[in-house]
Amino acid sequence: MRTTSLLTALAAGATVLALAGCSAPGAPAANGASSGSDKAFTLYSGRDEELVQPLIDMFEDETGIEVDVRYGNTPELGALLLEEGEQTPADVFLSQDAGALGALSNADLFAPLPEETNAAVPAGFTSADGTWVGVTGRARVIVYDGQELTAAQVPDSVDAFTSPEWAGRFGIAPSNASFQAFVTAYRVLKGVEAADAWVKAVAANSPQIFENNLAILAAVNDGVIDAGLVNHYYWFAQADETGAENLRAQLAYPKPGDPGAIVNVTGAGILHGAADDADALEFVNFLVSPTAQQYFVEETFEYPLVEGIEAPQGLPPLDSLKNPDLNLSDLESLEATQELLSRYGLI
Amino acid sequence: MTSSHRGTRDRRKGSRSSGAPPWLVALAAVCAAAAAIPLVYLIVRALDAGIAGSVVATLWRPRVLELALNSITLAVAVTGTCLVAGTASAWVLTRVRIPAPGIWILIAALPLAVPSYLAAYGWLVWVPSMNGFWASWLLLSAVCVPYVTLPVAAALRGASGNLHDVARTLGRGPFGAFVSATWPQIRPAAIAGALLVCLYALSDFGLVSLMRYPTLTWGINAAYGASFNRNQAALLALVLVALALAVVTGERSIRGGQDQVAVRGAPPVIPSGRWKLPVAVVLMAAPVLGVLVPVLGLLSRLLEAETLRSIDVPRLLGAVGATLGLAVAGALLATLLALPIAALAARHKSRLVSVIEATGFLGHGLPGIVVGLSLVFFALAVVPALYQSVIVLVFGYAVLFMPKAIGTMRSGIAGVPGSLVEVSRMLGLSPLATWWRVTARLALPSIGVGALLVAISVMKELPATLLLRPTGISTLATELWSRTTVFEFGAAAPYAAALVLVAAVPAVVLSGFRGVSKEDL
């Protein structure tokens with residue numbers, strides 16, 4: 001076996017050498033050095049190109065700053081940023097949910113944002129430590145089959161889904177970040193014991209398990225299940241594509257104060273390497289400017305987080321969903337939630 | 001492991017362990033090292049997790065056991081189904097008189113062109129309630145069958161029909177004759193194909209997530225996506241690696257000693273008669289389930305979309321170009337890396353050879369996100385200058401899909417008679433020259449088949465492409481992804497159609513390789 005290990009070592013060495021030989025000069029500029037403005041920066045966008053690119057075009061026209069955008073899923077870009085660490089080419093990360101921002105913040109990948117940037121968004125909808133800023137809000141809602149149920153038959157609390165009446169008729173996406181944020185909120189608002197009881201009862205009530213919110217919405221719209229727990233904006237995006245009148249699925253909002261009625265946020269943070277990059281900061285400030293906020297209202301049907309911008313039509317006011325007892329930084333503490341979900345076999 | 005079946009009638013030394021030239025072993029080991037990158041990465045991450053308590057705690061959760069069991073059940077069921085259905089349709093394609101056999105073998109190859117996530121998506125349009133094990137089993141089997149059908153059809157073309165006749169004359173029934181005479185000749189091809197199916201079923205995420213059948217790849221994606229727990233994801237992925245290694249090792253022992261040498265012989269053509277219906281079912285099941293139904297489903301969604309946006313033609317063409325370029329580059333590199341491993345495994349047997357070959361198969365048993373992240377890790381550590389360049393992306397494709405080339409090329413190389421090699425050596429040619437002028441030339445069709453299989457897979461690949469692509473480069477798969485995430489079925493449909501069409505090209509070429517040879521038509 002001695003030859004084996006020798007050969008393995010040789011092989012490994014040869015690979016490294018061969019690959020090292022390839023690393024010709026012309027390395028991309030490291031971001032550490034970029035200070036001030038060079039009229040360009042790199043954005044990792046966990047939000048979709050169709051929705052975000054027009055906004056970026058607006059920014060580029062307005063400022064003359066060139067934005068190099070890399071699109072991906074928020075979870076995958078989050079994993080990518082963690083893997084890249086300090087070597088990341090990214091200057092700004094635009095995230096679809098607070099969970100990813102919290103995870104990156106905990107890994108100390110974000111540079112603190114200036115006071116005035118953080119102040120643009122009211123507390124409760126942005127990071128507690130000023131490492132990232134909230135951009136838009138998404139309400140947790142109950143989506144239901146409008147052909148099977150009337151609005152009055154839809155529960156006004158997520159607690160209803162523990163009753164035998166709903167056994168096997170509702171969908172959840174327990175491995176999805178948005179559902180886990182909701183369960184975390186439940187735990188924070190109602191206590192560990194109540195959350196444990198809810199998860200246990202729901203798990204025993206034959207829930208239909210989906211991988212994400214989109215799949216739940218599609219299943220409700222196709223009449224496969226009667227209701228599901230999702231984020232509000234998926235319905236509006238679907239309505240925009242196929243026409244609201246063609247949708248079987250309808251939305252109901254849990255009553256204010258119910259843990260099912262929380263708001264989760266999208267947001268953005270600046271990576272350490274770009275701490276002094278004026279272009280990156282200008283973009284983050286642009287995201288919380290009236291222009292961009294108005295764009296999100298009109299194009300993605302999300303809640304604006306900056307004061308003075310009207311919420312999209314047909315949505316309950318953001319204030320009615322704001323939960324005074326809940327801090328977004330509480331939602332970053334996912335581990336206890338995951339342990340809870342795994343205890344009852346949901347993840 | 002007996003290697004004393006009829007295949008050793010040529011004078012190849014069946015199971016010598018010492019004969020492998022050191023340069024070949026070294027070269028193959030270097031190539032296998034590339035495929036081992038994901039494993040190194042996973043071990044580093046798993047060590048981060050701390051070997052002691054958390055490993056046991058993570059792996060012993062009831063949910064993890066359930067996921068692993070689901071993965072195993074699905075992989076076994078899909079592999080078995082593909083083995084039976086693929087062998088049956090290959091037999092019909094080559095041994096039964098059917099109208100337009102060339103067209104049928106082409107149709108048999110088409111499911112390869114449909115990405116598993118598109119097949120699932122297209123089916124959900126018709127049957128939204130479809131979910132769970134049976135749905136995943138049916139659709140995965142339908143899209144994977146060609147991995148068995150094509151190599152077995154090629155082997156059957158070469159296999160001698162005389163033995164079958166002899167067996168029938170000696171009183172065996174048709175099935176008995178098949179088992180005793182034909183099966184041994186096609187077994188290596190069938191099992192090599194089944195191995196690819198099994199690894200694919202283990203590593204697939206797109207289809208099982210849409211069909212809501214939670215497997216280990218769910219757990220891995222959730223660990224990355226919801227909890228940003230890379231270490232936990234790595235532990236789950238290592239479970240997958242262990243399963244994949246068990247499968248690869250199992251395949252080696254089932255395959256037995258040496259690959260069979262194809263013997264040319266005129267195959268008998270049995271008239272179909274009252275067997276028309278079963279024959280039609282065997283031929284059409286996979287193309288209908290894996291291609292026709294989902295494609296029609298996608299088309300109907302396209303018509304449903306309220307706004308049919310105008311197609312951005314330059315952008316579509318750009319994506320087609322990038323897809324083709326990457327597919328060609330990925331196929332070339334994967335073939336180059338697979339060649340020494342295949343050459344070594346075709347002619348030599350030893351524990352070292354087994355380790356090298358098994359390592360070469362690793363990448364295919366892992367979901368794309370794991371292989372993608374491992375190359376992020378590797379590129380940043382070793383060649384940061386190449387990070388997010390096409391080179392690393394193509395290298396990633398090679399790591400992922402090299403196994404598709406290893407299996408077919410190994411059979412092809414083993415099929416080159418050892419006597420020819422010996423003659424060439426006696427005539428004074430060096431081993432390398434012999435290899436190039438004799439073995440490589442004769443094995444060329446199998447090398448082509450391997451390269452085409454890789455090209456098709458590269459075209460359909462999504463998660464690793466998203467992680468490794470240079471910023472700004474889009475393939476048909478990434479364009480499709482970015483449109484379906486926002487419900488733009490109208491805008492997504494052209495990309496879905498283009499992807500299936502582009503991937504169908506190598507599939508069609510593939511069906512022509514040693515499938516229906518001209519003298520039979």
Relative contact order for chain B, counting Cα pairs under 8 Å that sit 6 or more residues apart, in percent: 25 percent
Cα centre as origin, Lys/Arg/Asp/Glu Cβ charges: segment A:49-200 dipole, Debye: 1000 debye
Relative contact order [Cα under 8 Å, 6+ residues apart], chain A, whole percent: 26 percent
Calculated Rg and Dmax of the protein assembly as shown using C-alpha coordinates, Å: 28.3, 92
Cα convex hull of segment B:83-157 - mean projected area over all directions, nm²: 5.5 nm²
Rough spin-label spacing in nm, given labels placed 7 Å along Cα→Cβ, for A:M58 and A:L149: 3.5 nm
Computed Rg/Rh of segment A:35-79, alpha carbon atoms with Kirkwood Rh: 1.02
Overall Cα dimensions of chain A, principal axis frame, Å, largest first: 68, 64, 39
Given B:K276/B:K404; A:K190/A:K255; B:K404/B:K460; A:K200/A:K255, the pairs whose alpha carbons are separated by over 24 Å: B:K276/B:K404
Residues B:S419, B:S203, sorted so that the one with the fewest Cβ neighbours within 10 Å comes first: B:S419, B:S203
Reduced Cα scattering model of segment B:313-423, Debye log10 I(q)/I(0), q = 0.17, 0.23 Å⁻¹: -0.89, -1.23
Charge dipole magnitude, Cβ of K and R +1, D and E -1 - segment A:196-259, Cα centre, debye nearest 20: 220 debye
Label-point separation in nm, B:A242 to B:M284, each point 7 Å along Cα→Cβ: 4.6 nm
Cα-based Rg / Dmax (Å) for segment A:59-121: 13.0, 34
Estimated FRET transfer efficiency when R0 is 56 angstrom, pair A:S289-B:W275 (beta carbons, to 0.05): 0.20
Positive-end extreme of charge dipole, chain A - chosen from A:F182, A:A268, A:Q208 (charges on Cβ): A:Q208
Ellipsoid semi-axes in whole angstrom, largest first, where each is sqrt(5λ) of the Cα gyration tensor of segment B:377-482: 37, 17, 9
Efficiency of FRET from Cβ geometry, B:R97 and B:R315, R₀ 35 Å, rounded to 0.05: 0.15
Segment B:95-173 and segment B:410-456: distance between their alpha carbon centers, rounded to Å: 28 Å
Projected label distance in nm at A:D129 and B:L69, using a 7 Å step from Cα toward the beta-carbon: 4.1 nm
Segment B:372-391 versus segment A:298-347: alpha-carbon centroid distance in Å: 36 Å
Residue among B:S253, B:V295, B:L235 farthest towards the positive dipole end of chain B, charges placed on Cβ: B:S253
Cα radius of gyration and Dmax for chain B (Å): 22.9, 73
Cβ-defined net charge surrounding B:A455, 15 Å radius [Lys, Arg +1; Asp, Glu -1]: +1
Computed E for A:S157/A:S37 - FRET, C-beta separation, R0 60 angstrom, nearest 0.05: 0.75
Alpha-carbon Debye profile of segment A:245-327, log10 I(q)/I(0) at 0.19 Å⁻¹: -0.97
Cα-based equivalent ellipsoid, segment B:107-253: semi-axes from gyration tensor eigenvalues, Å: 37, 20, 12
Tilt relative to chain A, helix A:233-242 - C-alpha long axis, 0 to 90 degrees, to 10: 90 degrees
Among B:T439, B:M409, B:L332 the positive-end extreme of the charge dipole of the protein assembly as shown (Cβ point charges): B:T439
Relative pair counts by distance (%), Cα atoms of segment A:250-298, 10 Å bins: 20, 32, 28, 16, 5
MRE, 222 nm, helices only [DSSP H, n ≥ 4, -39500 (n - 2.57), over the protein assembly as shown, to nearest 500]: -18500 deg cm²/dmol
Under 20 Å from the Cα of A:K322 - aspartates and glutamates, other chains or at least 8 residues apart: A:D97, A:D129, A:D156, A:D159, A:D258, A:E302, A:E307, A:E310, A:D330, A:E332
Cleavage-rule hits, GluC sites (Glu not before Pro), segment A:251-343, DSSP coil, Cβ neighbours within 10 Å at most 15: A:E307, A:E310
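Report the gain in length on full extension from A:S342 to A:I309: 0.36 nm times residue separation, minus Cα-Cα distance, nm rounded to one decimal.
7.8 nm
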Check: chain B dipole with +1 on Lys, Arg Cβ and -1 on Asp, Glu Cβ, in debye: 1560 debye
Whole-angstrom Cα spans of segment B:416-468 along principal axes, big to small: 52, 19, 12
Calculated P(r) tail over 20 Å for segment A:102-241, as whole % of Cα pairs: 55 percent
Candidates A:P164, A:P75, A:P174, ranked by Gaussian network fluctuation over chain A, Cα under 10 Å, top entry: A:P164
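Read the figures in this text as sums done on the coordinates, not as results from a lab. None of these values were measured; they are calculated from a predicted model. All Cβ positions, glycine included, derive from the backbone under ideal geometry; neighbour counts span all protein chains shown.
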